[in-house]
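A.B. asks: The structure follows.
The values are calculated or read from the model by the stated rules, or taken from the named source; none is laboratory data. Please read these numbers as outputs of a predicted model, since none were measured by experiment. With ideal geometry, Cβ positions are generated from the backbone for all residues, glycine too; neighbour counts draw on all protein chains shown.
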Amino acid sequence: MKKSQAKGLVGCCGLYCGLCNKFQSKAPSRCIGCRLGEQHSWCSIWNCCVKKHGFETCAECGEVFACPIFVRRKVADWIPAADSLCQIKKSGLDAWVRKQEERQALLEELLQGWNEGRSMSFYCKACSRMPIDLLKGAIEEAEDELALETIGKSDMKARAKVLKVAIKNLALEVDVDLR
């Protein structure tokens, strides 16, 4: 993915569109991302952040978590959004985008090699909320278990089940909510 494309997937609210199941979908109704196209014009957060104030993200706003729009839309409750805005403030947008690109590449690997057709939403949540090293550890754990059980690469249902259990167990250990 080109850097310019990744930056275009940054929602001003702190969500990264590349980790969203609506973006990853192959359906005709697929979302192309908050900044690409005109579908964002309905979003009160986008209108305030980009159109009214000229910011790239709400992290640039000094009143972001006291913002009436954020409060009304309960953005602070959107787990990755609030955390992402804090990370963007702390490390800068470019560093945060690089991390999201890594997460998106991992998500796309999960969708290609571990999705039986029903796990996209789960993998999107896991990739947006869990530390990358834990997700990679879950993949290794699942691969080890599959080798012991002699489950082939073509049995996607069994592969997805084993990986999802490994991810859920690690999420519980680090107190990450994947609901």
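A.B. asks: Hey, among the residues in region 141-179 that are basic (Lys, Arg), closer than 13 Å to Gly113 by Cα and surrounded by fewer than 17 Cβ atoms within 10 Å (Cβ to Cβ), which one's modelled with the lowest pLDDT?
C.D. replies: Ranking the qualifying residues of region 141-179, first place goes to Lys153.
A.B. asks: Mind listing whichever residues of region 1-20 are modelled with pLDDT of 85 or more and of a type in the set (Gly, Ala, Ser)? Please lay out each step first, then the result.
C.D. replies: As a first pass, look at region 1-20 and keep what is modelled with pLDDT of 85 or more: 9-20.
Across region 1-20, the qualifying residues are Gly11, Gly14, Gly18.
A.B. asks: Take the residues in region 41-83 that are at pLDDT below 90 and small (Gly, Ala, Ser); name whichever of them is surrounded by the most Cβ atoms within 10 Å (Cβ to Cβ).
C.D. replies: Of everything passing the filter in region 41-83, Ala81 is surrounded by the most Cβ atoms within 10 Å (Cβ to Cβ).
A.B. asks: To continue, here is another question. Please work out which one of (1) surrounded by 15 or more Cβ atoms within 10 Å (Cβ to Cβ); (2) closer than 30 Å to Gln5 by Cα; (3) modelled with pLDDT of 95 or more is the condition Lys136 fails and give its number.
C.D. replies: Every listed condition holds for Lys136 apart from (1).
A.B. asks: Which helices (runs of 4 or more DSSP H) does region 51-159 wholly contain that include 2 or more residues that are in contact with a Gly (Cβ under 8 Å, 6 or more places away or on another chain)?
C.D. replies: Numbers: elements: 68-73, 79-91, 93-113, 120-129, 132-149.
Here the list reads 79-91, 93-113.
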